[in-house]
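The values are calculated or read from the model by the stated rules, or taken from the named source; none is laboratory data. Computed from a predicted model, the values in this text were never measured in an experiment. All Cβ positions, even for glycine, are placed from backbone atoms using ideal geometry, and neighbour counts span all protein chains on display.
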Amino acid sequence: MSSLDLAAFLAHWRAMRKRTLRVLDGLPEGDLEWAPRPGGWSFGDLLRHLGGIERFLWAEAVAGRPCSYPGHGEELGSGVEGVRAYLARCHEESLAIFRALAPEDLDRACPTPGGSTVPAGRALLLMAEHEAHHRGQLHLMAGLRGIVLPQLFAMTEEEVRRLSQAR
């Protein structure tokens, strides 16, 4: 039996996505399709990727269906509001699939695009790790553009160090 508490995980997942959306909230419209190098992925590409991969890879996998990932192109959502709408739709559809899982479903093998399988509970954890990976890229890219984003967890490294030394 899976040790993943689905309700707790879904609360955590919704909070993770809210933190990712703070990147979109802080992006000037003109920077949405900026990429750090020619041919590289833009902010918009990464955000559309996160929406699509959640819905069409992870949600499909835990439902026992094959991946139907549509890519990350601008046709999925253009402009900040188009990207926001695509992310919201994908997230809500995914949450509906995740909430329908029974505890025993978390142990069921689900397909990966590469042809192997992983337990559905593990797939959900991998989805969260994937989100964190790309959110780090988004924050790095924002720094390269000189865009100041809200702190991920409300405190800067300097504040944590100062408070730690005060004790």
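Annotations
- Out of Pro38, Pro66, sole residue that is over 17 Å from the mean Cα position of the chain (by Cα) and in contact (Cβ under 8 Å) with a residue 40 or more places away in the chain: Pro66
- Qualifying residues in the range 25-46 (those that are hydrophobic (A, V, I, L, M, F, W, C) and part of a loop (DSSP other than H, G, I, E, B)) - the one nearest to Ile147 (Cα to Cα): Leu27
- Leading residue by the ranking (surrounded by the fewest Cβ atoms within 10 Å (Cβ to Cβ)) among those in the range 65-82 that are closer than 16 Å to Ser94 by Cβ and among the hydrophobic types (A, V, I, L, M, F, W, C): Cys67
Okay, residues lined up against (1) over 15 Å from the mean Cα position of the chain (by Cα); (2) aromatic (Phe, Trp, Tyr); (3) at pLDDT 95 or above; (4) surrounded by 13 or more Cβ atoms within 10 Å (Cβ to Cβ):
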position	(1), (2), (3), (4)
Ala15	no, no, yes, no
Lys18	no, no, yes, no
Leu32	yes, no, yes, yes
Gly51	no, no, yes, yes
Arg55	no, no, yes, yes
Glu60	yes, no, yes, yes
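- Condition check for Glu158: farther than 16 Å from Val23 by Cβ and surrounded by fewer than 11 Cβ atoms within 10 Å (Cβ to Cβ): yes
Rundown of residues vs (1) of a type in the set (D, E, K, R); (2) out of contact with any helix residue (DSSP H, G or I) (no Cβ under 7 Å at 6 or more places or on another chain); (3) more than 22 Å from Arg108 (Cα to Cα), yes/no style:
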site	(1), (2), (3)
Arg14	yes, yes, yes
Arg17	yes, no, yes
Val23	no, no, yes
Gly40	no, yes, yes
Phe43	no, no, yes
Gly51	no, no, yes
Ala61	no, no, no
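- Whichever residue in the range 131-160 is assigned to a helix (DSSP H, G or I) and among the hydrophobic types (A, V, I, L, M, F, W, C) and, among such residues, is nearest to Trp13 (Cα to Cα): Ala132
- Number of positions in the range 18-51 that are under 28 Å from Gly115 (Cβ atoms) and touching a Gly at 6+ places or on another chain (Cβ under 7 Å): 1
- Test: residue in the range 109-120 that is part of a helix (DSSP H, G or I) and surrounded by fewer than 17 Cβ atoms within 10 Å (Cβ to Cβ): no
- Failed criterion for His49 (all others in (1) in contact with a Phe, Trp or Tyr (Cβ under 8 Å, 6 or more places away or on another chain); (2) over 28 Å from Arg145 (Cα atoms) hold): (2)
- Screening Ala123, Ala128, Ala96 for residues that are in contact with a strand residue (DSSP E or B) (Cβ under 6 Å, 6 or more places away or on another chain) and either of a type in the set (Gly, Ala, Ser) or in a helix (DSSP H, G or I) (or both) leaves exactly one candidate, Ala123.
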